[in-house]
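Student: Could you have a look at this structure, given as structure tokens, before my questions?
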Amino acid sequence: MAVNSEEDVFFVSDSGIHQRGVFAKCFIPRESYIVEYIGERITKEESIQRALDWEKYAREQDKGVVYIFELNDEYDIDGNNEENPARLINHSCKENAESVVVDDSIWIVAKRDIEEQEEITFDYGYDMEHFLDHKCNCGSGNCFGYIVRRDQRKKLKRMLNASKRTAQQVSALLLKESQV
């Protein structure tokens, strides 16, 4: 189900989650296509190199980390351009939208009804291996401070709570396990 035009559906404004965000200009019904995630189509090899380069720059400049989105097994979309307002949609552990690949395009689609003025968010789906690199400021009731994809959150919480290890120790353990 598509919603009218982008100009009628959302606006960009200051966000309590992270600097700027995307907000509903009107009521958006569940399953509505909100905005296409647009950008340059790049190979996986180029994607990895750009992500590493951008991440280093972002740390030095305190900018958003990476705007590269997985499209399929061969290509990704680098959405780091002004024409892509979807790059400003923030992560939340209690997201109201999700990304969906449709005919080689990435769309942000409402997972539930989104109220007028509500910030549009989705789960970035980051792997827990590098959780220390991705602090979460969503403020939702189920947030534990790191951007980690939904299916890995409980495992990471258990590792942090049960082991009495610091977050840095758990991060080092995860990195070591991934290199085996």
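Student: Against the condition touching a Pro at 6+ places or on another chain (Cβ under 7 Å), among the small types (G, A, S) and farther than 11 Å from Y37 by Cα, how does A97 come out, does it pass?
Tutor: Spelling it out, it is not the case that A97 is touching a Pro at 6+ places or on another chain (Cβ under 7 Å), among the small types (G, A, S) and farther than 11 Å from Y37 by Cα.
Student: Here's another thing I want to ask about it. Please go through segment 90-134 and pick out each residue that is at pLDDT 95 or above, assigned to a loop (DSSP other than H, G, I, E, B) and farther than 26 Å from L160 by Cβ.
Tutor: The answer is N96, K111, R112, D113, E115, E116, Q117, E118.
Student: Looking at Y67, Y75, can you tell me which residue is in contact with a helix residue (DSSP H, G or I) (Cβ under 9 Å, 6 or more places away or on another chain) and closer than 19 Å to S15 by Cα?
Tutor: Y67 is the lone residue from the list that is in contact with a helix residue (DSSP H, G or I) (Cβ under 9 Å, 6 or more places away or on another chain) and closer than 19 Å to S15 by Cα.
Student: So if I check each of G145, G141, which one is among the small types (G, A, S), surrounded by fewer than 19 Cβ atoms within 10 Å (Cβ to Cβ) and more than 15 Å from the chain's Cα centre (by Cα)?
Tutor: Selected residue: G141, the only one of G145, G141 that is among the small types (G, A, S), surrounded by fewer than 19 Cβ atoms within 10 Å (Cβ to Cβ) and more than 15 Å from the chain's Cα centre (by Cα).
Student: Additional query: Could you list all residues from segment 65-93 that are hydroxyl-bearing (S, T, Y) and under 17 Å from N137 (Cα atoms)? Lay out the reasoning, then the answer.
Tutor: Initially, segment 65-93 is screened for residues hydroxyl-bearing (S, T, Y), giving 67, 75, 92.
Within segment 65-93, just S92 meets the criteria.
Student: Quick check on I34: is it among the β-branched types (V, I, T), under 22 Å from S13 (Cβ atoms) and assigned to a strand (DSSP E or B)?
Tutor: Here the answer is yes, as I34 does meet what is asked.
Student: Limited to segment 70-109, what total is found for residues that are over 17 Å from R50 (Cβ atoms), touching a Ser or Thr at 6+ places or on another chain (Cβ under 9 Å) and of a type outside the set (A, V, I, L, M)?
Tutor: Number of matching residues: 8.
Student: Out of curiosity, is V148 of a type in the set (V, I, T), touching a residue at least 12 places away in the same chain (Cβ under 8 Å) and outside any helix (DSSP H, G or I)?
Tutor: For V148, the condition - of a type in the set (V, I, T), touching a residue at least 12 places away in the same chain (Cβ under 8 Å) and outside any helix (DSSP H, G or I) - is met.
Student: Please determine, by comparing only the residues of segment 59-105 that are of a type in the set (A, V, I, L, M) and surrounded by fewer than 16 Cβ atoms within 10 Å (Cβ to Cβ), which one is nearest to R153 (Cα to Cα).
Tutor: V100
Student: Could I ask something else about it? Answer yes or no as to whether S178 is at pLDDT below 85, surrounded by 19 or more Cβ atoms within 10 Å (Cβ to Cβ) and over 21 Å from I68 (Cα atoms).
Tutor: Spelling it out, it is not the case that S178 is at pLDDT below 85, surrounded by 19 or more Cβ atoms within 10 Å (Cβ to Cβ) and over 21 Å from I68 (Cα atoms).
Student: I'd like to verify a number: residues in segment 103-114 that are touching a residue at least 60 places away in the same chain (Cβ under 8 Å) and out of contact with any Phe, Trp or Tyr (no Cβ under 6 Å at 6 or more places or on another chain), how many?
Tutor: 7
Student: Could you figure out which of (1) among the hydrophobic types (A, V, I, L, M, F, W, C); (2) surrounded by fewer than 19 Cβ atoms within 10 Å (Cβ to Cβ); (3) out of contact with any Gly (no Cβ under 9 Å at 6 or more places or on another chain) isn't true of I28?
Tutor: (2)
The values are calculated or read from the model by the stated rules, or taken from the named source; none is laboratory data. Just so you know, these numbers come straight off a predicted model, no measurement behind them. As a convention, Cβ positions derive from the backbone with ideal geometry for all residues, glycine included, and neighbour counts pool all protein chains shown.
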